[in-house]
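Worksheet: one structure, shown below.
The values are calculated or read from the model by the stated rules, or taken from the named source; none is laboratory data. Since the model is a prediction, treat every value here as computed from it, not as a measurement. Don't worry about glycine lacking a Cβ; one is built from the backbone with ideal geometry, like all the others, and counts go over all protein chains shown. Remember, those area values only see protein heavy atoms, side chains included, never the ligands or the DNA or RNA. Shrake-Rupley method; radii C 1.70, N 1.55, O 1.52, S 1.80 Å.
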Amino acid sequence: PLFHLASNFLGKRLIKELNATELFLLASALYGHDWGMAVNNSEKMNIVREWPKEDHGTCGSVNERLRFHNFAVEHGHVFEGEIDPDHVPIQLWREYVRQTHALRSGERIRRHFETIDTGVSLRLAQICESHYLDYEVLRDPNKYPVYGSILGEYVNIRAIAIYVRMVDLLDLADNRTPYIIWEFVAPRDPQSR
């Protein structure tokens, strides 16, 4: 659905102007840009405690514990000693995951594609991360080049990052969260609603 929305939004002419690598990056980033919104119990444990030497397939980074701690303090929560993820208020989890999901999405997609091609994995990670960054960051020609090279083809990383961001912002259709699920979940938090 997101790729269909992208092709309708971007227009058939523009889509036809993208080369195969750019189309692959766009499609992959559209599928993976919100991958970090899902955090299971094992990942919560890794976020609030020291990151283990072996990650057993979970997502995160060495800096995530510090990032979570700083976030909690900024939001008026101070935890002493080891933190039990089940005792972290759900509102704090929701906001933390929402604000940091792009980093987790980038990390997941980087890990997923790194065995295939390092250039692809790094650029896809940057594109996924960019959908939650300030637009000014996209002006960095080193991180988001207009003429980058991946798999022997020139790619416009900046344009793809902007496309993913625009499609994400415009994905407001009724079917984004089917009504029956929305009604079942019945979000009480005003931002979720």
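A few remarks follow.
- Computed over protein heavy atoms with a 1.4 Å probe, the carbon and sulfur contribution to the accessible area of region 104-170 reaches 54%.
- Solvent-accessible area per residue in region 98-146 equals 50 Å², computed with a 1.4 angstrom probe and all protein chains kept.
- From most to least packed by mean Cβ count within 10 Å, the peptides 15-25, 156-166 give 156-166, 15-25.
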